[in-house]
């Protein structure tokens, strides 16, 4: 089917059908440059060596303003059937990573540890209906539903509601708002305000955030002039968590650098992988099940080079038959991390997707 939906607060892009699919981002970039594709949409996997799910669509509708779905029918019952790894195993893995990070003889400074929950629906879930339910709970998120068939995952769909824009390019202006450093939100307003203040002053979380910002500055400096990076992060929130965020802007040195090029350069960031990126990626791919498109990127790029790419977090992969859901979440581990707190962080992040399915997140 090669369906694509990206509903952002200011615009909605829908695409249907396919002129051509691409498992290699470089091939998609060449198609934009040589004029054989007017638009590329789709998703990049977490591991850049894996196959992408990119498509030159047949029909496109790009509208201004937010997506306003009609009245939504209820979703079928969904229940969690497994956790990979188990909560205890995740805590043990984080504990081992903290020990590694505290070894002064090794170069790793941060690594993201992820876990997944598997859920089953009583009857087939419709991907766009799930996305619409997510939007009603998260009206300021970037909601997406992407057919993963071009990557070889025939009929599977990546669905999510991410708060994070990886990179946007319009003309010669580049904008980003990376998120790193997270705390769950309590239901009590006073405790919630205290949690936000604690996050903003947390040395551990500010260090984790700084790794991301320093890396982005290093990647963008060769391709952007007038790079504007605030001195410190600001607070942003979702219904489930507080984040540290830094808005970044730059001006391209060469307008031949497209939004897809920038997404490939920046992905995966230390926010979803670690620092140094290559070492963290090696450890993650050796020690975790395949993340697939969790921690990847979703977006579009047109022949002019403009486009928007969001980070594929707060998301899940829906099976071809619509009955199985794999939702994933991770947390940045640094030398000062507490393994039990890191488990709680992943649980809070999983609520974004699972509550959109009216599915209860397992308590630990």
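No value in this document is a laboratory result; all are computed from the given coordinates. The structure presented is a predicted model; accordingly, all values stated were derived computationally and were not measured. Every residue, glycine among them, receives a Cβ derived from its backbone with ideal geometry; neighbour counts consider all protein chains shown.
Structure summary
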| read-out | value |
| --- | --- |
| Region 212-274 - Rg and Dmax from Cα coordinates, angstrom | 13.1, 40 |
| Helical mean residue ellipticity (222 nm; -39500 (n - 2.57) per DSSP H run of 4+; nearest 500) of the chain | -9000 deg cm²/dmol |
| Computed lengthening from residue 124 to residue 136, 0.36 nm per intervening residue step minus Cα-Cα distance | 2.3 nm |
| Rh (Kirkwood; distinct C-alpha pairs) - region 159-235, Å | 14.5 Å |
| Rg to Rh, two decimals, where region 116-181 supplies the alpha carbon set and Rh follows Kirkwood | 1.05 |
| For the chain, built as a Gaussian network whose Cα springs stay under 10 Å, the top-fluctuating residue of 137, 33, 68 | 68 |
| Length-normalised contact order for region 93-222 - Cα pairs under 8 Å, 6+ apart - percent | 13 percent |
| Packing-based ranking, highest mean first, of 224-236, 6-18 given that Cβ atoms within 10 Å are counted | 6-18, 224-236 |
| Tail weight of P(r) past 19 Å, computed on alpha-carbon pairs of region 164-313, percent | 56 percent |
| Protection proxy ranking of 138-149, 55-66, 89-100, 273-284 - average other beta-carbon atoms within 10 Å, highest first | 138-149, 273-284, 89-100, 55-66 |
| Normalised alpha carbon radius of gyration of region 66-151 [divisor 2.2 N^0.38 Å] | 1.59 |
| Volume per residue that the Cα convex hull of region 1-49 spans, once the total is divided by residue count, Å³ | 100 Å³ |
| Region 181-224 shape via C-alpha gyration tensor axes, a/c threshold 1.5 | prolate |
| For region 24-173: Kirkwood Rh in Å [reciprocal of mean 1/r, alpha carbons] | 19.2 Å |
| Cα gyration tensor, region 263-302 - rounded (a/c under 1.5), prolate or oblate | oblate |
| Scaled radius of gyration (Cα, divided by 2.2 N^0.38 Å) that the chain gives | 0.93 |
| Mean separation of Cα contacts under 8 Å, 6 or more apart, over the residue count of the chain: relative contact order % | 25 percent |
| 219, 40 arranged by Cβ crowding within 10 Å, fewest neighbours leading | 219, 40 |
| Highest to lowest packing among 185-194, 292-301, 170-179, 120-129, scored as the average C-beta count within 10 Å | 292-301, 170-179, 120-129, 185-194 |
| Gap separating the Cα centres of region 100-129 and region 40-57, nearest whole Å | 19 Å |
| Scattering curve values for region 83-242, log₁₀ I(q)/I(0), Debye with Cα scatterers, q = 0.10, 0.12 Å⁻¹ | -0.56, -0.82 |
| Measure of compaction for region 15-100 (Cα Rg per 2.2 N^0.38 Å) | 1.70 |
| Cubic angstrom per residue, convex hull over Cα atoms of region 154-196 | 152 Å³ |
| log₁₀ of I(q)/I(0) at q = 0.12, 0.15, 0.16, 0.22 Å⁻¹ - region 245-361, Debye sum with one point per alpha carbon | -0.57, -0.86, -0.95, -1.35 |
